Amino acid sequence: MNNQTSVTSIRDGAAVSAAGTTATAVVYEAPRTFSLRELPLPEVGPDDVLLEVTLCGVDGSELHMFNGELEMFNGRAPLIFGDEIVGRIAAIGEAAREERGLDMGDFVTVESRWPCPEGCRHCDRGQYFICLNNTGHRGYGSIPLAEAPSLWGGYASHVYVPRNALLYRIPPQLSERAALFACSVLANGLRWTEVSGAGPGKTVVVIGPGPQGLASVLAAVRAGSAVVSVGLERDAERLAAASSLGAAHTVAIAPGENPGETAERIRALVGEVDIVIEGAGFAPAKQLAYEVVSPLGTVTNVAVASPIEQPVNFQQMLMKEIKMLNPMSHPHTVGKSLDLAVELLENGLDVGRLVTHEFALRDAAAAIDVAANRTEESPIKVVLNPAL
């Protein structure tokens, strides 16, 4: 950990909760500052569920959140990160048991957002991630600690599940790691490739070979597209993973290479590019997307940009008649993704192998630095394991 990172505990470094009475949680206090707190476990009402977290993913947005780049979350601190959550039911109310068909000990995943009880226009159309009654995009990883019962993020030993939250039973064939990768990352890849129009006869360029990018490669290949995975020279292991998932080509960007040069190299390999999924988030990656896509093509923007505000070349978009899509996450895709993970496993591909690094809760800051490629590690998917 570098000297700008602070991790403290309110209990002299203790990372183990008192059994049955408290949960251990990593709390975001301020930019690059976590604390390890013990919080009371809530009483579980008739409609409620309490999960014991087995794994929580470290996702790309949290890399920006931890650095303080997303001001919205700074204003909500203290809060608990983590919206990629798998766990076992530790407590469940009677009404929830009957309505959900779940019981104590069941292995489940909970979605980061859920439809509003009022049934607004967006939720009725299936896109509850932009619910009209949830303008602050509140959900796991984004609700302040001050809001009872505080356990609103997966960087913790336990997570509270209210009545409207979406729970999915995890197929017994899947390991914890496979379930974690499928529940959000693979679900994203499925939706993003579907809305982009990936399919037979289409050439898809996926920029960024991180977990989301690799999931998009896998989904686009499965849809029948020819896929090019693009990363930096230092991404050699991730690009090798893309090849193992079926990418027809991989392209490593050399230091100092500009987006126009990279686009020429890609076109020399595949000719016309129908779809670009931009999953890296940095300005040169955005520029590459619009350089390499062919006229009448589609650019699908899925990554949080760094810096957040970036110029868009609308003239270039107009002259090439580029369609730009901005799909928000993966509504109604988790069940399909879990089924796909089982199908892939039966055909010899365990998506759990893409989870490469596990960290204890007390090492959450180090986990974020590894996931952000600030160390000598070569991660794909980084997760927190409260049992460590």
In this structure, the FRET efficiency calculated for Leu296 and Val195 from their beta-carbon separation, with R0 = 22 Å, to the nearest 0.05, is 0.85
Please state, to two decimals, what the Cα-based radius of gyration of the range 207-258 comes to when divided by 2.2 N^0.38 Å (N = residues). 1.05
Where both residues lie in the chain, what percent of DSSP beta bridges are antiparallel, nearest 5? 50
Over its alpha-carbon atoms, the chain yields an Rg and a Dmax in Å of 20.7, 63
The chain, Gaussian network, Cα under 10 Å: of Asp47, Asp274, Asp83, the residue fluctuating most is Asp47
Karplus couplings for the range 98-104 from phi (6.51 cos²θ - 1.76 cosθ + 1.60, θ = phi - 60°), rounded to Hz, Gly and Pro as x? 6, 6, 8, x, 10, 8, 3
In the Gaussian network model of the chain, springs joining C-alpha atoms below 10 Å, which of Glu278, Glu233, Glu99 carries the largest mean-square fluctuation? Glu99
Theoretical gain in end-to-end length, Ala30 to Ala387 [0.36 nm per residue, Cα-Cα removed]: 126.0 nm
So Ser243 and Arg138, fully extended at 0.36 nm per residue minus their Cα-Cα distance, gain in nm 34.1 nm
Over the chain: helical MRE at 222 nm, DSSP H runs n ≥ 4 each giving -39500 (n - 2.57), nearest 500: -8000 deg cm²/dmol
Report, in degrees rounded to the nearest 10, the 0 to 90 angle that the Cα long axis of helix 259-270 makes with the longest principal axis of the chain. 80
Could you list Tyr290, Tyr28 so that the one with the fewest beta carbons within 10 Å of its beta carbon is first and the one with the most is last? Tyr290, Tyr28
Relative contact order of the range 186-325, defined on C-alpha pairs under 8 angstrom at six or more residues apart (%): 22
Top of Ala241, Ala254, Ala198 by mean-square fluctuation, Gaussian network on the chain, Cα under 10 Å: Ala254
Quick check: convex hull of the Cα atoms in the range 186-325, volume per residue, rounded to a whole Å³? 94
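Every number in this text was worked out from the coordinates using simple rules, so none of it is lab data. Worth saying up front: this structure is predicted, and the values here are computed from it rather than measured. FYI the Cβ positions are ideal-geometry reconstructions off the backbone, even for glycines, and counts take in every protein chain you see.
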